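Notes to accompany the following structure.
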């Protein structure tokens, strides 16, 4: 198969029918994902599990959601950072976001839907739940391939069972000439991995380790897999966390979805990823504890610093 690149951006095709364990195609995907993550902390997964019709329903549902009154959207409250409603922020005037925690569970999608539409909206609930499960399957496939590439597949099932998700529903308003085009400032995610998907409007930019910004070109089958700070620590810094941002251009609204994976329990580096060349960098840590630590930090530059070293560095 071989790792493809577009504008220096690594692309891995995970839609092929013969992508089955034990095949040469599977072994190639294992290698391609590991190389891409180690080199970039991200890659584009080509994944064709969203039909044209369903994808249209997803983005129509997002538009319907964000057309609700602000007072309604603000009911989406969650004490965890960036889990609930975000909007009306003076330094990020173009950004608006909402969150469904544990969206692979139909009950959680129902709870969110009832908050937004007390009279009911079964279609939105079904779309959100279906979408979340499709992307969760993609995340699990990526992790299984990576674990096998590192020769640690014996740990995969426990890892899978410990994984939880947050689905972020995102809107970036069209650019206004008298305001900034920064829709979301540069940052690394605190998740294990994040999987982003958007409509046709460009805006996502990812920074390489050499400081170059790569501009993502959206397509219906393209999902951007991004390594978070927790993944960097878990991998013993074999995989860097990916610094990224959103800058808007033009006069169209950008709708997007982000599926963020977290882990329950203590996260620790597999012993197979520790050796003389890669001595242990991080002590075992609690993922929710990391979120609380980040939220409580008063350091104005925390988004640009390796907060993992401060939180649980050896």
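If I model segment 232-290 as equal point scatterers sitting on the Cα atoms and use the Debye formula, what is log10 I(q)/I(0) at q = 0.16 Å⁻¹? For segment 232-290 at q = 0.16 Å⁻¹, log10 I(q)/I(0) is -0.67. The ranking of 8, 185, 171 from fewest to most other beta carbons within 10 Å of each one's beta carbon is 8, 185, 171. For 67, 32, the sequence from fewest to most other C-beta atoms within 10 Å is 67, 32. Here 273, 167 are placed in order of increasing Cβ neighbour count within 10 Å, fewest first, which gives 273, 167. Secondary structure note: in segment 4-312, about 95% of the DSSP beta bridges are antiparallel. Take residue 153, project a point 7 Å from its Cα along the Cβ direction, then tell me which residues of segment 13-30 have their backbone nitrogen under 16 Å from it. Backbone N within reach: 19-30. For the chain, the Cα gyration tensor yields ellipsoid semi-axes of 29, 23, 20 Å (square root of five times each eigenvalue, largest first, whole Å). Take every Cα pair under 8 Å whose residues are at least 6 apart in sequence, average their separation, divide by the length of the chain, and the relative contact order is 20 percent. What do you get for the angle between helix 287-296 and the principal long axis of the chain? Use alpha-carbon atoms, 0 to 90 degrees, nearest ten. The angle comes out at about 60 degrees. Is segment 84-240 rounded, prolate or oblate when judged by the Cα gyration tensor, a ≥ b ≥ c being the square roots of its eigenvalues, rounded requiring a/c under 1.5 and prolate requiring a/b larger than b/c? Oblate, because a/c is 1.5 or more while a/b does not exceed b/c.
Computed over the chain, the per-residue total of -39500 (n - 2.57) for DSSP H runs of n ≥ 4 gives a 222 nm mean residue ellipticity of -10000 deg cm²/dmol, rounded to 500.
Between the helical axis of 24-40 and the longest alpha-carbon principal axis of the chain there is an angle of about 70 degrees. Note the angle between two axes, namely the Cα long axis of helix 52-66 and the longest principal axis of the Cα atoms of the chain, as a number of degrees from 0 to 90, rounded to the nearest 10. Computed tilt is about 60 degrees.
Only the coordinates and a few stated rules stand behind these numbers; no lab work does. Note that the coordinates shown come from a computational prediction; the quantities given were computed from them, not determined experimentally. Please note: Cβ atoms are built from the backbone with ideal geometry, for glycine as well, and neighbour counts cover all protein chains shown.
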